[in-house]
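Here's the structure we're looking at; comments come further down.
The values are calculated or read from the model by the stated rules, or taken from the named source; none is laboratory data. The structure presented is a predicted model; accordingly, all values stated were derived computationally and were not measured. Positions of Cβ are backbone-derived with ideal geometry, glycine not excepted, and every protein chain shown enters the neighbour counts.
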Amino acid sequence: AKDQGKSTHRFFTQELNNDMIEKTLLEMDLRQAISRDEIELHYQPQYDMKTGRMTGVEALARWNHSKKGLISPGQFIPIAEESGLILPIGLWVLETACKQAKQWQEQGLLTIRMSVNVSIRQFKQPTFIADVLGVLQRTGLDPAYLNIEITESMTTDVQYSQKILQRLHDEGIHVSIDDFGTGYSSLSYLSKFPITHLKIDQIFLQDLSSSNTAIIKTIIELAKNLSIDVIAEGVETEEQAIFLSTLRCDEVQGFLYSRPLPKLEVEKLLQTIPV
Ligand code: C2E
Ligand code: CA
Ligand code: CA
Ligand code: CA
């Protein structure tokens, strides 16, 4: 029995080592991913519930690994965050998304908002505001069409967040709180931040139990009182859509309407929409 314990232990540490090696190898590849043109953005449409009009897209990163194929952001973003690679990657995402939005506008297509996810490392970077402004200047995108998505967990330092969010607001850039409802923070802090959108975490929609419906109702009510627009994401079924529309949720995003699409498919979609 003693021997068995020992070998289980050895097996376990071997597993851990393999995980660590795998991660280190991925990190090494990730380091080259941008210069090798392996990162690409997909864009998921968002719609106004009342009018049915497309209002914007959320840019979502995809890594097309030369040997492993498509790697999801759920897998590589944490590695990018730990290694600090999220700084160059995040900047590339921001610049590519803004350039794309500007290009669609120049093609005379429907003017839509471009939402970009920002990680905590980027948000805490002293050059964050300068980086964002630099991108807007280089791409020529009107700041009103950039929406930066941050999560509740990034705002624990209230003073710092307030300062940064105010700066973005003063520049005319919109900010969303992503994955709202999962951060365990008090709701009252919302009124302290100049934010324009709140995205309800999809976890509440996945199962419309009585407690989840109560949470969604409360979030929408609260946002309305603060004049903040609510976007529900992860909408997959008609039932969820009907529920959200009876609550007068402002906007929706999810597989029911569209998956995240490559650039050319967004272009095709926009070409069908009269401006
Ligand atoms: P997120 O910001 O919460 O993005 C929404 C995720 O939900 C996306 O996953 C999207 O594809 C997925 N989704 C959309 N509609 C539905 C639906 O109807 N049902 C379900 N089940 N899922 C839906 P994705 O693209 O795999 O991204 C995962 C996460 O990775 C994102 O979550 C975000 O936190 C992070 N991420 C993606 N791109 C970037 C990026 O450029 N920078 C940073 N910092 N994070 C990113
Ligand atoms: Ca997001
Ligand atoms: Ca989200
Ligand atoms: Ca999420």
Hey, can you tell me all the residues within the range 147-180 that are closer than 12 Å to HIS197 by Cα and of a type in the set (A, V, I, L, M)? ILE148, ILE150, ILE173, VAL175, ILE177
Within the range 37-64, the count of residues that are over 14 Å from MET114 (Cβ atoms) and either at pLDDT below 95 or among the acidic types (Asp, Glu) (or both) comes to 4
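Given the options GLU251, GLU238, GLU221, GLU233, name the one that is out of contact with any strand residue (DSSP E or B) (no Cβ under 9 Å at 6 or more places or on another chain) and within 15 Å of ligand 1 (Cβ to nearest atom).
Values: GLU251 fails: out of contact with any strand residue (DSSP E or B) (no Cβ under 9 Å at 6 or more places or on another chain); GLU221 fails: within 15 Å of ligand 1 (Cβ to nearest atom); GLU233 fails: out of contact with any strand residue (DSSP E or B) (no Cβ under 9 Å at 6 or more places or on another chain).
Result: GLU238 is the single residue among GLU251, GLU238, GLU221, GLU233 that is out of contact with any strand residue (DSSP E or B) (no Cβ under 9 Å at 6 or more places or on another chain) and within 15 Å of ligand 1 (Cβ to nearest atom).
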Does VAL135 satisfy being away from ligand 2 (no atom under 15 Å from the Cβ), over 19 Å from ALA61 (Cα atoms) and either modelled with pLDDT under 95 or of a type outside the set (Asp, Glu) (or both)? no
Among residues of the range 77-132 being in contact (Cβ under 8 Å) with a residue 60 or more places away in the chain and among the small types (Gly, Ala, Ser), the residue farthest from ligand 2 (Cβ to nearest atom) is GLY108
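Look through the range 191-205, keep the residues that are within 29 Å of GLY134 (Cβ to Cβ) and away from ligand 2 (no atom under 13 Å from the Cβ), and return whichever of them is surrounded by the most Cβ atoms within 10 Å (Cβ to Cβ).
Looking only at the range 191-205, we keep the residues that are within 29 Å of GLY134 (Cβ to Cβ), and these are 192-199.
Retained after the next criterion (residues that are away from ligand 2 (no atom under 13 Å from the Cβ)): 192-196.
Working: LYS192: 13, PHE193: 19, PRO194: 15, ILE195: 24, THR196: 17.
Looking at residues that are within 29 Å of GLY134 (Cβ to Cβ) and away from ligand 2 (no atom under 13 Å from the Cβ), I get ILE195.
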Filter result (more than 16 Å from ligand 1 (Cβ to nearest atom), farther than 24 Å from GLY134 by Cβ and modelled with pLDDT of 90 or more) within the range 159-184: GLN159
Pull out all pairs, ordered by first then second residue, where Cβ-Cβ is under 7 Å, the residues are six or more apart or on different chains, the first lies in the range 223-234 and is within 12 Å of LEU190 (Cβ to Cβ), and the second is part of a helix (DSSP H, G or I). LEU226/LEU190; LEU226/SER191; VAL230/ILE219; VAL230/ILE220; VAL230/ALA223
Please identify the pairs in which a residue from the range 240-253 that is closer than 14 Å to LEU208 by Cα has its Cβ atom under 8 Å from the Cβ atom of a residue that is of a type in the set (Ser, Thr, Tyr), counting only partners at least 6 apart or on another chain. PHE243/THR213
Count - residues of the range 226-254 that are assigned to a loop (DSSP other than H, G, I, E, B) and within 16 Å of ligand 3 (Cβ to nearest atom): 7
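Would you be able to say whether some residue in the range 70-81 is away from ligand 4 (no atom under 15 Å from the Cβ), under 29 Å from ASP29 (Cα atoms) and more than 19 Å from the chain's Cα centre (by Cα)? If you could, list the steps in order and put the result at the bottom.
So in the range 70-81, the residues away from ligand 4 (no atom under 15 Å from the Cβ) come out as 70-71, 79-80.
Narrowing the set further to residues that are under 29 Å from ASP29 (Cα atoms) leaves 70-71, 79-80.
Cutting the leftovers down to more than 19 Å from the chain's Cα centre (by Cα) gives us none.
No, there is no match, as no residue in the range 70-81 is away from ligand 4 (no atom under 15 Å from the Cβ), under 29 Å from ASP29 (Cα atoms) and more than 19 Å from the chain's Cα centre (by Cα).
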Under 6 Å between Cβ atoms, which residue pairs at least 6 apart in sequence (or on different chains) link something in the range 33-46 that is surrounded by 20 or more Cβ atoms within 10 Å (Cβ to Cβ) with a partner that is at pLDDT 95 or above and assigned to a loop (DSSP other than H, G, I, E, B)? GLN44/PRO260; PRO45/SER258
Need at least 1 residues that are under 16 Å from ILE39 (Cα atoms) per element, so show me which helices (runs of 4 or more DSSP H) inside the range 68-142 make the cut, counting only ones lying wholly within it. 73-83, 86-106
Condition check: away from ligand 1 (no atom under 13 Å from the Cβ) and either in a helix (DSSP H, G or I) or not charged (D, E, K, R) (or both). Does ILE216 satisfy that? yes
Hey, can you tell me all the residues within the range 185-225 that are modelled with pLDDT under 90, within 22 Å of the chain's Cα centre (by Cα) and either small (Gly, Ala, Ser) or within 16 Å of ligand 3 (Cβ to nearest atom) (or both)? SER185, SER186, SER191
I'd like the full set of residues that are in contact with an Asp or Glu (Cβ under 6 Å, 6 or more places away or on another chain) and of a type in the set (Asp, Glu), limited to the range 129-160. GLU149
What do you reckon, is LYS263 farther than 24 Å from ARG167 by Cα, away from ligand 4 (no atom under 16 Å from the Cβ) and in contact (Cβ under 8 Å) with a residue 24 or more places away in the chain? yes
Considering only residues that are surrounded by 15 or more Cβ atoms within 10 Å (Cβ to Cβ), away from ligand 4 (no atom under 16 Å from the Cβ) and assigned to a loop (DSSP other than H, G, I, E, B), which ones fall in the range 151-184? ILE173
